1. Convex hull over the Cα atoms of segment 538-724, averaged projected area in nm²?
2. Can you give me the Kirkwood hydrodynamic radius for segment 275-396, using every pair of distinct Cα atoms, in Å to one decimal?
3. Taking every pair of alpha-carbon atoms in segment 192-342, what share in percent sits in each 5 Å bin, from 0 to the bin with the longest distance?
4. Going highest first, how would you order 464-473, 556-565, 537-546 by mean Cβ packing within 10 Å?
5. Percent of Cα-Cα pairs per 10 Å bin, from 0 to the last occupied bin, for segment 351-415, please list those.
6. Once the convex hull of the C-alpha atoms of segment 1-144 is built, how many Å³ does it hold per residue, rounded to a whole number?
7. Work out, in µm²/s and without decimals, the Stokes-Einstein translational diffusion coefficient of segment 80-119 at 25 °C, 0.890 mPa s, Rh from Kirkwood over C-alpha pairs.
8. If N is the number of residues in segment 347-388, what value comes out of its Cα radius of gyration divided by 2.2 N^0.38 Å?
């Protein structure tokens, strides 16, 4: 029953590109303003869901309402044109089956072109029915005259008091634009009355402020375009076919496209195209006695999406890659991921050494890093006085970095290896064999790393070997054009020694200045910095190592109220790991790349313990560095509510003024080498300018492997959480 309920209710929301449950229920109620249409639509949706499940189609797709929302529209149409009778219901069931089958087939066909099928199944089914019933077709189903008298009929259906209220509402005089807009909304449900339009408008506003503003923008653009060019205003003011503008605007402005000022401009342009389409298609199909209904909307949206899929440049018009069924969620998630992962690379490259090294020459270096070879690094070890050697500094062994291990920056294959070149004496250079002993590792097509000036005979690997990230390759030397021992490191797109350099960031590293640590993510070390690769701390690594199949039990004390919570770790079909809360059915997606633990998405109860853990442990470095801070941003949606959020939703396509920030800071460790206790403090907050509108503080105390406590403070609410190992 839950499956059928969800599938049917979701069908109503899908008409407006939504999966919002309360919006769906409101649309269901709105459809019953005309009870005949409401009943017919509900039967059609139920029948389509039943047929789809009985025929063995994907249950999750059925549950979304994708296979049944067109059937609802067909049900509305049949109820408008024909009298309810036994043959009527037989026709309704057949039409539902036909629409569902058309939906499945069209979905499979257009998916290869990466375009949606929209309301085409509804159009094809309606045309088939209108041409097959009456006249020379099936005569058992009779034409209805309710279209003429429906206002009095279905208003009186609700009884004297409700009927009188609805009659009075029908007589309310709204300004023409508002009247036509509301009735155009109602016309989507084949109900040309204000009450249906008002209910849909309210539902649309609650579901999405962006969708509501787009519906208004698209409608007004189309209306004034028709008026300016002296088009047929009857199409708008009497047939209320303006719903084509509304649906097109929501689809292109915020559903298929990430909302932005560019998508709003696109909506205005497409509204003009819709006006042309209504006029031309209306004349063409009138020859065949067929209505066009939502055909202009379907054709223009499909045309635009197909065209955008074949462009060379995004130009700020970004397609939604992961559909969240909400313009706000699509926008906030896109902005959040763009900001969080804008510099991320598919292959992570790390520093090629252990310990703290000094950047003696970085990109655009004044000595040798110039022109085609400007994107390279030279690393040495320096003491507190910036000296790279111990006195007297005349021998290679006087230099701190000489003979120290050189590591693989990432996994790959050794494709080039040069050895046999002697180390220079201090101050001398070998210009004839410029790069000295060198190794080149292939990490991917057109992505290679090169390390030069290696010590002769120190290689631990050979040509063709596969090496892992962090594996010892050789030792630091002084061969080639190298007056003193150092590591030359660069990225390039070919395997050749002497190839042009490639600008490519170091995935994760820590810099140190005046005893203060700073975390860097996909950044470029600067000349004069002391930088080092991150060494993980076993206690942190073990506690944030959430492997599939793991279960976690927690005892939670919230201001004296005690509860127990159980989580379990899974991996979905897309290989995304997530934590599932059994009590609230909430899900938090995460990544652990052996350097960082971080969350990527959350779905479910925003008051659950899992959501607070998602906020508090949003990004945790798995290596301890005293007082080091790790910063990130949080999605606005769900974390902040209220009037300011409503206003933000309206203006979000043009700018974000609500700023979120996450900070995690290492506070305490009992033993750097073998810790049994680590304390981390973190906070999640949202600001308007310098004013903090919401802030949550977290304290984590990690005691031993797979055990920690978490204290959550927000205002007067304090949660104390103990993980039961």
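A short reminder: the numbers here are calculations on the coordinates, not readings from a lab. What you see is a predicted model; the values in this text were computed from it and never measured. FYI the Cβ positions are ideal-geometry reconstructions off the backbone, even for glycines, and counts take in every protein chain you see.
1. On the way: hull surface 46.6 nm².
The number I arrive at for segment 538-724 is 11.7 nm².
2. Details: mean 1/r = 0.0462 Å⁻¹.
After inverting the pairwise mean of 1/r, the radius is 21.7 Å.
3. The calculated distribution, bin by bin, is 2, 9, 18, 20, 19, 14, 9, 5, 2, 1, 0, 0.
4. Values: 464-473: 15.1, 556-565: 11.8, 537-546: 18.3.
So the order, starting with the most tightly packed, is 537-546, 464-473, 556-565.
5. Each 10 Å bin holds this share of Cα pairs: 19, 38, 36, 7.
6. On the way: hull volume 15.1 nm³, N = 144.
That works out to 105 Å³ per residue.
7. Working: Rh = 11.7 Å.
Estimated diffusion coefficient is 209 µm²/s.
8. Details: Rg = 12.0 Å, N = 42, 2.2 N^0.38 = 9.1 Å.
Compared with the compact-globule rule of thumb, segment 347-388 sits at 1.32.
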